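First up is the structure itself, then whatever we jot down about it.
The values are calculated or read from the model by the stated rules, or taken from the named source; none is laboratory data. Please read all numbers here as calculations on a predicted model, not as lab measurements. Here the Cβ positions follow ideal geometry from the backbone for every residue, glycine too, while neighbour counts run over all protein chains shown. The area values use the complete protein model at the heavy-atom level, side chains included, leaving out ligands, DNA and RNA. Shrake-Rupley method; radii C 1.70, N 1.55, O 1.52, S 1.80 Å.
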Amino acid sequence: VSKAVRAVTPDEVKIRLDAVRTHAIKLPAANGKSATVGFCWGGAHSFAYAGHQPALNAAVVFYGTSPDAAALTSIEAPVLGLYGGADARVNATIDATKAEMQKLGKTYEVHVFEGAGHAFLRQQDGQQGANLKASQEAWPLAVAFLRKHAS
């Protein structure tokens, strides 16, 4: 599955997310709002999709990298970033993105959980308890963010 997912191009991801969004917002139980939530590779695509889809109401990024600075200009939706403090590769993108989003007047709410590693939600028993603590703090933040912006 991982190999197949990695073979999907960024343009294909956007096309598929557009199709899902179009269908979902028309469901009888829908309120017309939409959001993305992604983890790792999916977190990066959640962030990137916010720059592609101007009607998106919110994007949640769990330990995913941000798009390049040029792509940030088209983001309309508020973005929530949830990161493990011990995830140097991903965290190397946070400060520049935060500064650029602030410069552009965009919402990028960042939470870095001390000691937690990459994929802390999936590996809650890791990092000597830091992953579990991060999960317990991050999940309610994500739910509250989605309730605020997409419900």
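A few notes on this one:
The rows are residues; the columns are (1) under 27 Å from residue 22 (Cβ atoms); (2) of a type in the set (Asp, Glu); (3) crowded, with 17+ Cβ neighbours inside 10 Å.
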{"position": "56", "(1), (2), (3)": "yes, no, yes"}
{"position": "67", "(1), (2), (3)": "yes, no, yes"}
{"position": "80", "(1), (2), (3)": "yes, no, yes"}
{"position": "92", "(1), (2), (3)": "no, no, no"}
{"position": "123", "(1), (2), (3)": "no, no, no"}
{"position": "130", "(1), (2), (3)": "no, no, yes"}
{"position": "137", "(1), (2), (3)": "no, yes, no"}
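- Matching residues in region 95-114 - criterion: being under 15 Å from residue 82 (Cα atoms), open to solvent by 30 Å² or more (accessible area, probe 1.4 Å) and outside any helix (DSSP H, G or I): 107, 109, 110, 111, 112, 114
- Complete set of residues in region 3-39 that are hydrophobic (A, V, I, L, M, F, W, C), over 22 Å from residue 150 (Cα atoms) and assigned to a loop (DSSP other than H, G, I, E, B): 7, 8
- Put simply, of 51, 38 the only residue that is modelled with pLDDT of 95 or more, crowded, with 21+ Cβ neighbours inside 10 Å and more than 26 Å from residue 137 (Cβ to Cβ) is 51.
- Region 20-40 - residue that is without any contact (Cβ under 8 Å) to a residue 12 or more places away in the chain and hydrophobic (A, V, I, L, M, F, W, C) and, of those, nearest to residue 5 (Cα to Cα): 20
- Filter result for residue 45 (modelled with pLDDT of 95 or more, surrounded by fewer than 18 Cβ atoms within 10 Å (Cβ to Cβ) and in contact with a Gly (Cβ under 9 Å, 6 or more places away or on another chain)): no
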